[in-house]
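Notes to accompany the following structure.
Throughout, read-outs are computed from the coordinates displayed, never taken from laboratory work. Keep in mind that this is a model prediction, so the values were computed, not measured. Every residue, glycine among them, receives a Cβ derived from its backbone with ideal geometry; neighbour counts consider all protein chains shown.
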């Protein structure tokens, strides 16, 4: 019997926003553990809070995916003392949910205020290091200034000098030094392209100055201008209130809560197209069951990818596209499908994909596997999806 195939439009319903509830995790400074040694919350945001030791004005929390703290942290956030409020308690939100059944390494860095005089000394040390680098990075020739390295490499080197000098320091905004600006790069390019033969047009000549002396003074003025610009950009960072690292607490391989393992089972009804055009085509329908693997998991991916999955399974009946056109499937003697699905409603999934069919010849068995009789046809379907909770490795 020939059935007409109708494609149904499905309207997606957006989920209502949910207000996330933060769990509170207490950190014990003396014993260096959380919540009396209990596992950390999994798959939800939480807040770390604890006592602030004397003279500490900043606490920075870093979260690493492994015990290797030389790599970039998975997440970091910090607390800075305020003029008002409880100054003996720090509170740091961790807005990166952690995966369940995993282990993470936490590093808590405690910083104290840097006195103004020490801050000025630090700035002078950075200036001295940067100026020494600039002085050994050029050579004045007869008509130009030759840089020993490309301007971009020089800027990168100077960034490294500053970052190394500030390794134990944080500013009041708890931000890293962002590196020298493009203005510094443009100045380096300008120096590299400088023509000292034009010195007499750019500087005032002094009495008894010959052309060579004039060129050298012109070159020196350009390099001094570069040093001034470099110092100003460093001072923009160091000029704020600085904090210096005083103490560190490291908790390696700290466990998160055990979360349930799930497998998504879907059962539904689908139709398979066989042949023909819009006005006259062959198709058949049958119930099916299968399993689904989502492309994402809340809260680690967007709602779209969390609702989208790839599914595979079997139809529970063979298809009859006509008197002499009966289709089964290989191996299990039932049609096998592979599809993309989207959960449009809480339990309703729309599936679209392909079905692997095999011409049915009486008396087929598993041993009758024949690639010459196999073919693929498209199908669509609706199914109900249920998550089954598993207690594997618990």
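At a Förster distance of 51 Å, what's the computed FRET efficiency of residue 312 paired with residue 193, Cβ-Cβ distance as r, to 0.05? Working from the Cβ atoms, E equals 0.20. Using a simple spin-label model with pseudo-atoms 7 Å out from Cα toward Cβ, residue 229 and residue 102 lie 4.4 nm apart. Highest-first packing order for the peptide set 310-321, 130-141 is 310-321, 130-141, based on the mean count of other beta carbon atoms within 10 Å. Between residue 253 and residue 300, full extension at 0.36 nm per residue minus the direct alpha carbon distance yields a gain of 14.9 nm. Rounded if a/c is under 1.5, else prolate if a/b beats b/c, else oblate: with a ≥ b ≥ c from the C-alpha gyration tensor eigenvalues square-rooted, which is the range 78-179? Oblate is the answer for the range 78-179, as a/c is 1.5 or above yet b/c matches or exceeds a/b. The length gained on full extension between residue 326 and residue 280, counted as 0.36 nm times the residue separation minus their Cα-Cα distance, comes to 14.7 nm.
When each of the peptides 271-280, 151-160 is scored by how many other beta carbons lie within 10 Å of its residues on average, the order from highest to lowest is 151-160, 271-280.
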